[in-house]
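To start, the structure under review is shown below, and the notes come after it.
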């Protein structure tokens, strides 16, 4: 029950803390069996009661979950394909990943230009901590942009990847030594009674 109430509380974070506490305590008292209860449905009812559009809140939540699910799905698919491919096909996939990382690295060039322009404008102010704040802001924005590019491009690029040449299972068969005739011919009979 506590897990359900925590999930409902997470959806109600747009409301005042006092209202959230009141609603959670009311739910705790009224819910006996939480097996067939959906946290989103409960949160929608509570938000509707206070005039909050719950669709906006759930769309944001669903967007993040969808992006993470797509990224994890594409990564798992990539690992599965690489497990089936031969070395040459896997090297092509690794090259594609490196190409994506190089593209993301090249996206930093405009940020460097903006950082340098900002520093030249800030040079008239003789406070060194302003340079540090400016650099930190630019780096933070670049990291967000780079992560968003990766999250959006990686699943599209690698999710529909088809296997290349599949690894050949090399099975070593144990061969029996060749015989020089049948078993009876290899026995030599000698007559020792002469």
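Within the stretch 126-136, is there a residue that is out of contact with any helix residue (DSSP H, G or I) (no Cβ under 7 Å at 6 or more places or on another chain), at pLDDT 90 or above, assigned to a helix (DSSP H, G or I) and surrounded by fewer than 14 Cβ atoms within 10 Å (Cβ to Cβ)?
Yes, the stretch 126-136 has at least one match.
Matching residues to (1) on the phi > 0 side of the Ramachandran plot; (2) free of Cβ contacts under 8 Å to residues at least 12 places away in the same chain; (3) within 21 Å of the chain's Cα centre (by Cα):
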site: 23; (1), (2), (3): no, no, no
site: 30; (1), (2), (3): no, yes, no
site: 40; (1), (2), (3): no, no, no
site: 50; (1), (2), (3): no, no, no
site: 66; (1), (2), (3): no, yes, yes
site: 69; (1), (2), (3): no, yes, yes
site: 74; (1), (2), (3): no, no, yes
site: 82; (1), (2), (3): no, yes, yes
Can we say residue 152 is closer than 26 Å to residue 63 by Cβ, exposed (fewer than 12 other Cβ atoms within 10 Å of the Cβ), under 21 Å from the mean Cα position of the chain (by Cα) and assigned by TED's automatic domain parsing to the domain that holds residue 162? no
Filtering the stretch 100-125 down to residues that are assigned to a helix (DSSP H, G or I) and farther than 30 Å from residue 157 by Cα, which residue is nearest to the chain's Cα centre (by Cα)? 115
So if I check each of 20, 37, which one is modelled with pLDDT under 80 and out of contact with any strand residue (DSSP E or B) (no Cβ under 8 Å at 6 or more places or on another chain)? 37
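The values are calculated or read from the model by the stated rules, or taken from the named source; none is laboratory data. For clarity, every value in this text was computed on a predicted model and none was experimentally measured. Counting neighbours? That spans all protein chains shown, and the Cβs are built from the backbone with ideal geometry, glycine included.
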